[in-house]
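**Student:** Let me give you the structure first, and then I'll get to my questions.
The values are calculated or read from the model by the stated rules, or taken from the named source; none is laboratory data. This structure is a prediction, so every number in the text was calculated from the model and none was measured. We place every Cβ from the backbone using ideal geometry, glycine too, and count neighbours over all the protein chains shown.
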Amino acid sequence: MDLRAEMQQRRVAEGEAQRLARHDALTGLPNRRRFLEEFDDRVRESSGNERCAMFVLDLDHFKPVNDLYGHRLGDEVLRVVAQRLSEIVKDTGVVARLGGDEFGIILIAASDDDELPLRVARRIVHEIPTPIKLAALSLEVGCSVGVAMYAKQGDRVGPLRGEHSPVETVLRQADMAMYRAKTEGRGAYRFFDHKMDERLQQRVRLEREIKRAVERQEIIPYYQPLVDLRTKETVGYELRARWKHPNLGVIEPDAFISIAEDTGVIGALTDSLLTQGVKDAKAWPAHIYLSVNLSPRQFADPLLAQRVLAILTEAGFPAKRLEIEITETAVVQRLDEAKATLQSLRNLGVRIALDDFGTGYSGLHHLRELQLDTIKIDQSFVTDMLKDADDEKLVEAIVGLGHVLGLRTTAEGIETRDVLDKLISLGCDTGQGFLFGRPEPMTGAAVTEELTARRA
C-alpha cells in the first residue's frame with residue numbers, strides 16, 4: 001500500500017471514529033456530546049429574530065419493558081421511539097439520544113413563533129404512546145417532555161447557580177420542565193418558567209433528606225376515619241403519611257411520595273409506616289380496621305407479602321383487621337404483578353380495596369381478576385355529585401356495580417350533609433371525608449374518645 005492510500009485510509013478511520021464518538025450506536029442518532037455541540041452551533045448561526053428551543057424527553061413506563069421482556073426488546077422500543085421522533089421533527093431540528101431512555105431535540109423558531117415548539121411537544125406526547133408491535137407483543141410507552149427557550153437577544157435567560165454557558169443553562173431548564181411533567185402525572189409536556197428552579201431546589205433537598213427521614217421516623221402515620229354510612233359508626237381508619245420536617249413543618253404526601261418512589265425508599269417507607277400503624281391500631285377496639293395504601297411500584301417486589309406478614313406477626317396484629325389499598329394505575333399497568341401480590345396478601349387474610357375507582361381504565365375484567373373486597377369512589381366525583389348530573393350518575397353506577405359484584409363501596413371526599421344523605425340513599429356502604437374528620441395522629445386513647453363522641 002502506498003503512502004497516499006495509507007493516509008487516506010487513516011483519514012477515513014479517524015473520520016469514522018469521530019462519527020462514532022458523536023453518535024449513539026443503538027439508534028444512530030447524535031449522542032449527548034454532539035447534541036450539546038449542535039446547540040452551540042445553532043445558537044451561533046441563529047439571527048436575533050430566532051429562538052432555539054431545547055426539548056428533553058424521558059420515556060414513561062420503559063423500565064417494565066426491560067424487566068418483563070428483556071433488553072433486546074427494550075432496545076427495539078428505543079429504536080422505534082428514535083424513528084418516531086425523527087419523523088415528527090423531520091428537517092426542522094435535531095433529535096439526539098442523551099442516554100438510557102432519555103432523548104433531546106433542538107428546534108429553531110422565529111422569535112414570535114410560539115406555535116412550532118408547542119405543536120411539536122403536542123405531537124410527541126400524543127404519538128409516542130402509539131402501541132409498538134414487536135415479537136407478537138403490543139408494547140406501549142409514554143413520555144414526559146420539558147421545553148426551554150433561548151435567544152441571543154430579547155428574552156435571553158440568565159445563568160443558574162454557577163452554570164455559565166447557554167447550553168448548560170438551557171439544558172438544566174429543559175430538564176427541570178421535564179421533571180415537572182413527570183411529577184404532575186407523566187405523559188405531558190411543560191415549558192420552563194423560572195419558578196421551577198425554586199421548586200426543583202426544594203425537591204432536590206427533600207431527595208437528599210428522605211432516606212434519613214425514614215430512618216428517623218420523621219414520616220409518621222395520621223389517621224382519617226372510615227364511617228359506616230348506615231349506622232354512623234366508625235369502622236376503620238385510613239393511614240395517611242405526613243412528614244414532620246424539622247425546618248419545613250408538616251409536609252403532605254403529594255410532595256414526597258413520588259420522591260420516595262424515585263429514590264428507591266418507598267419500600268422502607270411503607271414498612272416503617274405499616275409498623276407504626278399496626279402498633280397504633282393494636283390499641284384500638286378490636287372491630288376497627290386499618291387501611292394502608294401501597295405504591296404501584298411495590299407490586300414488582302415478590303417479597304412484599306412476606307414483609308407484611310413479618311410486620312403483622314411482630315406486632316401480634318390480626319391480618320383480617322388490615323386493608324390494603326391499591327390504585328387503578330397499579331392494576332392497569334401491572335395486572336399480572338398485582339394479581340400475584342394481592343393473592344399472596346389475601347392468603348394471609350388481608351382485605352383488598354381498589355382506590356380512586358373511576359379515574360383510570362380498570363373495568364369488570366380487572367375487578368373479577370383481582371378478587372377485591374372494596375371499591376373506593378374517587379372524591380373528584382363525590383364532592384360535586386349534587387352539582388354535576390354526570391358525576392351523580394357515575395357514583396350511582398359504581399355503587400350499583402359494587403352491589404352486583406358483592407363488593408363494599410366507600411365514598412371519599414364527603415364534606416357536606418347533603419352529599420352524605422345522597423350517598424345513603426344510593427346504598428353506599430362506607431364514607432370518609434372532612435365531614436367525619438381530617439387526618440390526625442391518633443393514639444389508642446384518642447380513638448376511644450373519638451368513637452365515644454361519634455356515638456353521642
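**Student:** Can you find, within the stretch 41-74, the residue that is surrounded by the fewest Cβ atoms within 10 Å (Cβ to Cβ) among those that are within 15 Å of A148 (Cβ to Cβ) and in contact with a helix residue (DSSP H, G or I) (Cβ under 8 Å, 6 or more places away or on another chain)?
**Tutor:** In this case the residue turns out to be V43.
**Student:** Right, next: Just checking, how many residues over the stretch 209-240 are assigned to a strand (DSSP E or B) and in contact (Cβ under 8 Å) with a residue 60 or more places away in the chain?
**Tutor:** Selection size over the stretch 209-240: 15.
**Student:** Spot the failing condition for E261; the list is (1) modelled with pLDDT under 95; (2) in the same structural domain as T410 (by TED's automatic domain parsing); (3) of a type outside the set (A, V, I, L, M, F, W, C); (4) more than 18 Å from the chain's Cα centre (by Cα), and only one is missed.
**Tutor:** Tallying (1) modelled with pLDDT under 95; (2) in the same structural domain as T410 (by TED's automatic domain parsing); (3) of a type outside the set (A, V, I, L, M, F, W, C); (4) more than 18 Å from the chain's Cα centre (by Cα), E261 fails exactly one: (4).
**Student:** Suppose we filter the stretch 75-102 for residues that are small (G, A, S) and assigned to a strand (DSSP E or B); how many remain?
**Tutor:** Qualifying residue count for the region: 3.
**Student:** Would you confirm, using the coordinates I've provided, whether E323 is modelled with pLDDT of 95 or more and either within 22 Å of the chain's Cα centre (by Cα) or in a strand (DSSP E or B) (or both)?
**Tutor:** yes
**Student:** Here's another thing I want to ask about it. In the stretch 283-290, is there at least one residue being in the same structural domain as T234 (by TED's automatic domain parsing) and in a strand (DSSP E or B)?
**Tutor:** Taking every residue of the stretch 283-290 in turn, at least one turns out to be in the same structural domain as T234 (by TED's automatic domain parsing) and in a strand (DSSP E or B).
**Student:** Restricting attention to the stretch 41-74, which residues are touching a residue at least 40 places away in the same chain (Cβ under 8 Å) and either acidic (D, E) or in a strand (DSSP E or B) (or both)?
**Tutor:** Correct list: E50, R51, C52, A53, M54, F55, V56, L57, D58, L59, D60, D67.
**Student:** Further question: Can we say E207 is surrounded by fewer than 16 Cβ atoms within 10 Å (Cβ to Cβ), within 16 Å of the chain's Cα centre (by Cα), more than 27 Å from A283 (Cβ to Cβ) and in the same structural domain as R119 (by TED's automatic domain parsing)?
**Tutor:** No: the conditions fail for E207.
**Student:** Name the residue that is modelled with the lowest pLDDT, counting only residues in the stretch 9-30 that are out of contact with any helix residue (DSSP H, G or I) (no Cβ under 8 Å at 6 or more places or on another chain) and polar (S, T, N, Q).
**Tutor:** Q18
**Student:** If L59 meets every condition in (1) under 18 Å from K133 (Cα atoms); (2) at pLDDT below 90; (3) not β-branched (V, I, T) apart from one, which number is that one?
**Tutor:** (2)
**Student:** In the set A213, A241, which member is in contact with a Pro (Cβ under 7 Å, 6 or more places away or on another chain) and surrounded by 21 or more Cβ atoms within 10 Å (Cβ to Cβ)?
**Tutor:** None of the other options fit; the residue is A241.
**Student:** Turning to a different aspect of this structure: Out of the residues in the stretch 23-40 that are part of a loop (DSSP other than H, G, I, E, B) and not polar (S, T, N, Q), state the one that is surrounded by the fewest Cβ atoms within 10 Å (Cβ to Cβ).
**Tutor:** A25
**Student:** With the structure loaded, tell me whether G185 is within 18 Å of the chain's Cα centre (by Cα), closer than 30 Å to L312 by Cβ and exposed (fewer than 15 other Cβ atoms within 10 Å of the Cβ) or whether it fails that test.
**Tutor:** It is false that G185 is within 18 Å of the chain's Cα centre (by Cα), closer than 30 Å to L312 by Cβ and exposed (fewer than 15 other Cβ atoms within 10 Å of the Cβ).
**Student:** Can I ask one more? Do any helices (runs of 4 or more DSSP H) entirely within the stretch 342-438 hold 3 or more residues that are surrounded by fewer than 19 Cβ atoms within 10 Å (Cβ to Cβ) and free of Cβ contacts under 8 Å to residues at least 40 places away in the same chain, and if so, which?
**Tutor:** 364-370, 389-405, 417-426
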